[in-house]
Structure formats: C-alpha cells, structure tokens
Amino acid sequence: MQVSRDQLGIATIGTDNTVIRAPFTGVIVTKAAQPGEIVSPVAAGGGSTRTGIATLVDMDSLEVQVDVNEAYIGRVQPKMPVEAVLNAYPDWKIPAEVIAIIPTADRSKATVKVRIAMKSKDPRIVPDMGVRVSFLDTPKPGAPKPTGVWVPTRAVAGKDKDAAVFVVADGKAQRVPVTAGEVRDVDTLVTQGLKGGETVVLSPPDSLRDGGKVVPKKS
C-alpha cells in the first residue's frame, strides 16, 4: 500500500512539472520552444534542446535605458524629471523620471547607462521601440520661471541674431525675427517674437520669402 502511495506521489509530481507557471503577470512576446523540443535550464548539445520556453514582458514596468556621455552624467540625478519621445510618435511627449544611474561606465563609448521610468501606461508603448529623452532641470528655489513659446526646432530658420520663424496669416508667410533660447530634444524655446497660438511653417525652404503664399498640407 505504501509503495502505491509513493508511486502516486511521484506521478503527481511528474504531472505538475508539465504545467508552465509565469512568475508574474505579463504578455508573451516570443515563443522560443515548439512542440516536440526538449527544454533544459542549461545549454545542451543538439538543435532540439531549448533553454527557454517564451519571453514574458511585464507591460506595466517598461523602462528606458539610455547612454549618457560621461561629461554630462554629473548633471543627472535620481528622480530627475525627464521627457521621452518615441520615434514612432514624435509629437507625443511622455513624462518620465530617472530611476537610477548604473554605477559603471562604457570605456569604448565614454558613456554611463541611466534607467528611466515612464509615468504613462499606454498600449502604444512596446518593448525595443526607439526613443529619445530630454533631461529637465529642476528649477532652483526663487529662480524666475522661464517664459516664452515652445516651437518645433525645424520651424526656426537661421541662427543667433538671424533666427526667425515664418508665421502663417491669411495664407501668406510672415517672417518674424525671434530670440531662441533653450533647445529640448526636437523643440526650441522662443523667448521673444511669438505670443503663442500662431501657426508656423515647419522646415521653411530657402526660397520662402516674407509675404510668400503658403498652402497648408492636408494630413
């Protein structure tokens, strides 16, 4: 009788070992093993042996890892606010913050890796997407708040004293001299020249002149 119980226990363990349990809730993005293949926790010879069954991703804990030039890493601090922009959605600015600075450097690239957490949970954010980030300086107590209008950098023609933006009014382009300030990723802060709410020409061609006709591009 005892032998039968032991055999039943062994059979139960064998059956339980055939059940795959995920260590956390997530989405399977890659299935590595196929029916009939052998799964092993360590590498083994033979083309039919796999060391994993699938790749599971926790979509609620996605983070960004960026390489920061070591010359600027001293300006990056944990909890520092960050603005992330996905290459697939260049007009969508995602609020984020620094999680940690990895305490090691890549000598070949002279960079330090920084982990960033995105505060927005959205199905459009998927693993391995291309992303650009901007580290936002935390204003010092008592410091004046920066004023101006943020415009796409490609809307600013010229540099320094020759900087200008073409504003569209009544179907014509009006060249407005501006003072460009801080550049943040794909945007530039115009401190003088614009009031806000104007329609501007993106990537104005060299042939565009003050008073030139502008035809809005249909999306």
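Throughout, read-outs are computed from the coordinates displayed, never taken from laboratory work. Not measured: the values here are computed from a predicted model. Quick reminder, even Gly has a Cβ in these numbers, built from the backbone with ideal geometry, and neighbours come from all protein chains shown.
List of remarks:
- The separation of the stretch 163-204 from the stretch 57-95, counted between C-alpha centres, amounts to 27 Å.
- Fully extending the segment from LYS121 to VAL3, taken as 0.36 nm per residue of separation minus the present Cα-Cα distance, adds 37.0 nm.
- Note that the stretch 155-171 has calculated 3J(HN,Hα) couplings of 8, 8, 9, x, 9, 6, 5, 8, 5, 8, 10, 8, 9, 8, 9, 6, x Hz, one per residue in order, obtained from phi through the Karplus relation 6.51 cos²θ - 1.76 cosθ + 1.60 (θ = phi - 60°); glycine and proline are x.
- Per residue Cα convex hull volume in Å³ - calculated over the chain: 266
- Among the listed pairs LYS119/LYS159; LYS93/LYS159; LYS113/LYS161; LYS119/LYS172; LYS79/LYS109; LYS121/LYS159, a Cα-Cα separation exceeding 30 Å is found for LYS119/LYS159; LYS113/LYS161; LYS119/LYS172; LYS121/LYS159.
- Candidates SER120, SER61, SER108, ranked by Gaussian network fluctuation over the chain, Cα under 10 Å, top entry: SER108
- A simple spin-label model places the labels of ARG209 and ALA88 4.5 nm from each other, with each point 7 Å out along Cα-to-Cβ.
- Label point at ASP58 placed 7 Å out along Cα→Cβ; residues across the stretch 15-36 whose backbone nitrogen lies under 12 Å: 23-27
- Highest-fluctuation residue, ARG154, ARG132, ARG50 considered, GNM on the chain with Cα pairs under 10 Å: ARG50
- The order of TYR72, TYR89, going from fewest to most other C-beta atoms within 10 Å of their C-beta, is TYR72, TYR89.
- Length-normalised contact order for the chain - Cα pairs under 8 Å, 6+ apart - percent: 13
- Difference of contour (0.36 nm per residue) and Cα-Cα distance, SER108 to ARG75: 9.8 nm
- A helix-only calculation puts the chain at -2000 deg cm²/dmol for mean residue ellipticity at 222 nm, using -39500 (n - 2.57) for each DSSP H run of at least four residues, averaged over all residues.
- Highest-fluctuation residue, ILE53, ILE94, ILE116 considered, GNM on the chain with Cα pairs under 10 Å: ILE53
- Contour minus Cα-Cα distance for PHE24 and TRP150 (0.36 nm per residue): 41.2 nm
- The H on the amide N of GLN192, modeled in the peptide plane, is under 5 Å from the matching H of THR179, each at least 5 residues off or on a different chain.
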